[in-house]
Each structure stands twice: as C-alpha cells, then as structure tokens.
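Asker: Have a look at this one before I ask anything.
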Amino acid sequence: MTATDWRPALPSGGLLRTDAARGQEVLLLPERVVVLHGSARRVLELCDGQRTVDDITTQLTQQHPGRARAEDIAHFLTRLHAQGCLQ
C-alpha cells in the first residue's frame, strides 16, 4: 500500500460523533472509542474510500496553506490504519 493508491475509509460500523459527555470529537468503533484532537475529524471526514491519501492531503493543504502539512496527514492516516481505525 502506498499513499498514491490507498483510499482510506472508516471501518464498517465506524462513526464520527461529538461526545457531549466528553465535550470532544470521537471516532466510535465497535468496542472502542478514539478521542480526536485538533483537525483529526476534518481529516477523517475525507476518508470516504474514494479519495487517495494524496487527494486528501492536497485538499487540506490547499484549504489550510501553511497549517496543514502533507507529511503529517499521511503519517496520521498511516498510524490510524496500523491501529485498525481505518481500512
């Protein structure tokens, strides 16, 4: 899998939600809750199984020049994939 051909998606049953009790954005997975920080939800909202990692990073770096870094986004997605949070 490389960044040019991987099209990340939330696993079946994965949901992005705002947890009112925590006052935080979370990724709900079967038997697991991942608390999201910063722009993590925005990144994950783009993980629809259609866009490649390159598409996602391009969109975010264009929308947030100087703030979004392609290396950070790719690393974040790769780390979540290794933890079973993305397909």
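The values are calculated or read from the model by the stated rules, or taken from the named source; none is laboratory data. This one's a predicted model, so the numbers in the text were calculated from it and none came from an experiment. Glycine also receives a Cβ, built like all others from the backbone with ideal geometry; neighbour counts cover every protein chain displayed. With ligands, DNA and RNA removed, areas are computed over all heavy atoms of the protein, side chains included. Shrake-Rupley method; radii C 1.70, N 1.55, O 1.52, S 1.80 Å.
Asker: Please count how many residues of segment 13-32 are outside any strand (DSSP E or B), under 20 Å from ASP48 (Cα atoms) and in contact with a strand residue (DSSP E or B) (Cβ under 8 Å, 6 or more places away or on another chain).
Answerer: So the answer is 2.
Asker: Now a separate question. I'd like the residue in segment 48-80 that is among the β-branched types (Val, Ile, Thr) and under 21 Å from GLY14 (Cα atoms) and, out of all such residues, is most open to solvent (accessible area, probe 1.4 Å).
Answerer: Among them, the one singled out is THR78.
Asker: Evaluate the following for VAL35: is it part of a strand (DSSP E or B), open to solvent by less than 20 Å² (accessible area, probe 1.4 Å), of a type outside the set (Ser, Thr, Tyr) and in contact with a strand residue (DSSP E or B) (Cβ under 8 Å, 6 or more places away or on another chain)?
Answerer: Taking the combined requirement at face value, the residue does not satisfy it.
Asker: So, one more: Scan segment 66-76 and tell me whether some residue there is on the phi > 0 side of the Ramachandran plot, modelled with pLDDT of 90 or more and either among the small types (Gly, Ala, Ser) or over 13 Å from the mean Cα position of the chain (by Cα) (or both).
Answerer: For segment 66-76, residues on the phi > 0 side of the Ramachandran plot, modelled with pLDDT of 90 or more and either among the small types (Gly, Ala, Ser) or over 13 Å from the mean Cα position of the chain (by Cα) (or both): absent.
Conditions tested, residue by residue: (1) hydrophobic (A, V, I, L, M, F, W, C); (2) over 15 Å from the mean Cα position of the chain (by Cα).
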{"residue": "ASP5", "(1), (2)": "no, yes"}
{"residue": "GLY14", "(1), (2)": "no, no"}
{"residue": "ASP19", "(1), (2)": "no, yes"}
{"residue": "LEU27", "(1), (2)": "yes, no"}
{"residue": "GLU31", "(1), (2)": "no, yes"}
{"residue": "HIS37", "(1), (2)": "no, no"}
{"residue": "ASP54", "(1), (2)": "no, no"}
